[in-house]
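The values are calculated or read from the model by the stated rules, or taken from the named source; none is laboratory data. Computed from a predicted model, the values in this text were never measured in an experiment. Cβ atoms come from the backbone with ideal geometry, glycine included; neighbour counts cover every protein chain shown. Accessible surface areas use protein heavy atoms only, side chains included; no ligands, DNA or RNA. Shrake-Rupley method; radii C 1.70, N 1.55, O 1.52, S 1.80 Å.
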Amino acid sequence: MKPEDLWISGGGLAGLATCIALQNKCGIQANILEAKSQLQGDTGTLIALWPNGLRALQAIDSSLYQDILQTGCKIQYITSIRGTEESRIPAEYESKYGQPFICIRWSTLHSLLAKRVSRSQIYLQHATTEVHDKEDHVIIETQRTLSAKDACRNEDTKEAFVGRALIVADGVRSLLRKYVLNENEKQLIDPIYTGRVIARAVLESDELKCLSISLPQNESIFFFSSDGKKVGSLSSLEQGQFYWALTLPVPNMDSCHDIQKQHLQQESEFSTPLMQVIAATPTERIQVRPLLEMQPLPRYAKGNVVLLGDAAHAVIPSLGQGANLAFEDALVLSCCMKNEDNLAKAFSSFEQKRLHRCQVIQEESSKAGKRARELKTNNSSSNPQVFESYEKFLEYMLEFDGISFP
Ligand SMILES: Cc1cc2nc3c(=O)[nH]c(=O)nc-3n(C[C@H](O)[C@H](O)[C@H](O)COP(=O)(O)OP(=O)(O)OC[C@H]3O[C@@H](n4cnc5c(N)ncnc54)[C@H](O)[C@@H]3O)c2cc1C
């Protein structure tokens, strides 16, 4: 380990994309400290990649982008079903925004990214716990996350790493987010529970064969209950797989893990095909997770430490932007670092370029979730001072090119 090393905390989508961007754009080999014992993405979730995220990935690594296009499922129609009302519209993103709309399993996307980072750059079972910024270097404290067998050996599990800087990409429950906040901003450290949980799973193509319904390929379908409180989705994925998700109100976050398959089936008023797909899912494969969001932070950088991805601006998946923003972050940070040797200055320039855009998309994601529940069918942006129409907001969100945004 050398003092000139650059460290990334977290080997999720944001950490890996940043590592690849730094490699390709700046020739920097950063090291990743990852808490888990293996590099793995969520197997039960889809990631929707929108034109803005795809454009960022293309600029980061064109071969990665090609692999994503070849592997993921290109969505051609988006259908909304609310009670008896149904609308099916073509997903014309490629002609409007120059990039398609791709749905891909989170774990597939994660492994496409992981393939591009050398194993020697990744320190598994190292959870970062603290960072100390000493102006010309940082000291990063970690705690080794040991297996039960290793834990019996009473080894010292603390280890410190020295480097030039730390990029914090440790996700929505970030332990290091607090580092960039001031004393009077501590209420922003923890994410907020939205009062809703999301249950979801991926079904393999052979598991779907026994269903008596035919599911549309290359299509994403959204279901809204008549009271607006429950939202379902069904989407085709790579290799004939299908993803479903159901979000429900659950007042107490701690009871989220008590939700059973029977509960989902009883609680939901949705008819086929969503309920049939849920019924066909083996119980143990259904993952339930509370939906968390963050209040926008006032800054992402402090000295030689910078936040990105969900650590900086976690959003609920109402607009499907969390990972897309993380890929934008990775590109913008690498561009800032390419042009500036002083990392504290590069991080501050990253913050200037990202803060406003991420705050706007965080606010709009939160409002989009509420709008669906309030049964507002008109897609008006709730911030008319900023965007004169929802279409203008979509243009702002999807047309990101990594260069012309302030
Ligand atoms: C159900 C669901 C559906 C979603 N759908 C979409 C979608 O369609 N489109 C979209 O763009 N986004 C979507 N998102 C959001 C997207 O998944 C996140 O925005 C994205 O994963 C953020 O990447 P990240 O690397 O910042 O965080 P993560 O992917 O959470 O990665 C964080 C990593 O840091 C590690 N870590 C945590 N703490 C420490 C520590 N102390 N030390 C070291 N390592 C640590 C974790 O183990 C993990 O590997 C969805 C999210 C959910 C929950």
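The spread of Cα positions in region 98-206, taken along each principal axis and listed from longest to shortest, comes to 51, 41, 34 Å. The aspartates and glutamates whose alpha-carbon is closer than 20 Å to the alpha-carbon of K134, local same-chain residues fewer than 8 away aside, are E4, D5, E159, E183, E340, D341. Couplings 3J(HN,Hα) for region 215-222, derived from phi with the Karplus relation 6.51 cos²θ - 1.76 cosθ + 1.60 (θ = phi - 60°), are 9, x, 7, 6, 9, 10, 10, 10 Hz, where x marks Gly and Pro. A simple packing score, the average count of other Cβ atoms within 10 Å per residue, orders the peptides 20-29, 312-321 as 312-321, 20-29, with the highest score first. For region 193-291, with all protein chains in place and a probe radius of 1.4 Å, 49% of the accessible heavy-atom surface sits on carbon or sulfur.
In order along region 129-140, the Karplus-derived 3J(HN,Hα) couplings, from 6.51 cos²θ - 1.76 cosθ + 1.60 at θ = phi - 60°, round to 10, 8, 9, 10, 9, 9, 6, 9, 7, 10, 10, 10 Hz, and Gly and Pro are given as x.
Which entries in K25/K345; K158/K345; K302/K353 show an alpha-carbon gap greater than 22 Å? Please report the intermediate quantities before stating the final value.
Values: K25/K345 18 Å; K158/K345 31 Å; K302/K353 15 Å.
Over 22 Å Cα-Cα: K158/K345.
With n ≥ 4 as the cut-off for DSSP H runs, can you work out [θ] at 222 nm for the chain, using -39500 (n - 2.57) per run divided by the number of residues, rounded to the nearest 500? Mind dumping the intermediate values first?
Values: 13 runs with 125 residues, N = 406.
Computed ellipticity for the chain at 222 nm equals -9000 deg cm²/dmol.
To the nearest µm²/s, what D does Stokes-Einstein give for region 300-348 at 4 °C and 1.567 mPa s, using the Kirkwood radius over alpha carbon pairs as Rh? For these conditions, the coefficient is 114 µm²/s. With Cα atoms as the point set, the chain shows a radius of gyration and Dmax of 21.2, 64 Å.
When each of the peptides 174-182, 47-55 is scored by how many other beta carbons lie within 10 Å of its residues on average, the order from highest to lowest is 47-55, 174-182.
Can you give the accessible area per residue of region 193-291, in Å², using a 1.4 Å probe?
On a per-residue basis, region 193-291 sits at 44 Å².
Helix 62-71 versus the longest principal axis of the chain: what is the Cα-based angle in degrees, 0 to 90, to the nearest 10? For 62-71 against the chain, the angle is about 30 degrees. Percent of C-alpha pairs per 10 Å bin in region 193-291, short distances first: 16, 51, 29, 5. Straight-line reach from K230: taking Cα to Cα under 17 Å and skipping same-chain neighbours fewer than 8 places apart, the lysines in range are K261, K367, K370, K376. Excluding same-chain residues fewer than 8 positions from K96, which lysines have a Cα within less than 19 Å of its Cα? Hits, sequence-local ones excluded: K74, K392.
Charging the Cβ of each Asp and Glu at -1 and of each Lys and Arg at +1, and nothing else, the dipole of region 255-304 about its Cα centre rounds to 380 debye.
Normalised by the number of residues in the chain, the average gap of Cα pairs under 8 Å and 6 or more apart makes the relative contact order 21 percent. Solvent-accessible area per residue in region 74-143 equals 52 Å², computed with a 1.4 angstrom probe and all protein chains kept.
If you add up the charges near R357, with Lys and Arg at +1 and Asp and Glu at -1, over every other residue whose beta carbon is less than 15 angstrom from its beta carbon, what do you get? Result for the local shell: -3.
Placing unit charges on each Cβ (+1 for Lys and Arg, -1 for Asp and Glu) gives region 193-291 a dipole about its Cα centre, and among L215, G228, Q241 the Cα reaching farthest toward its positive end belongs to G228.
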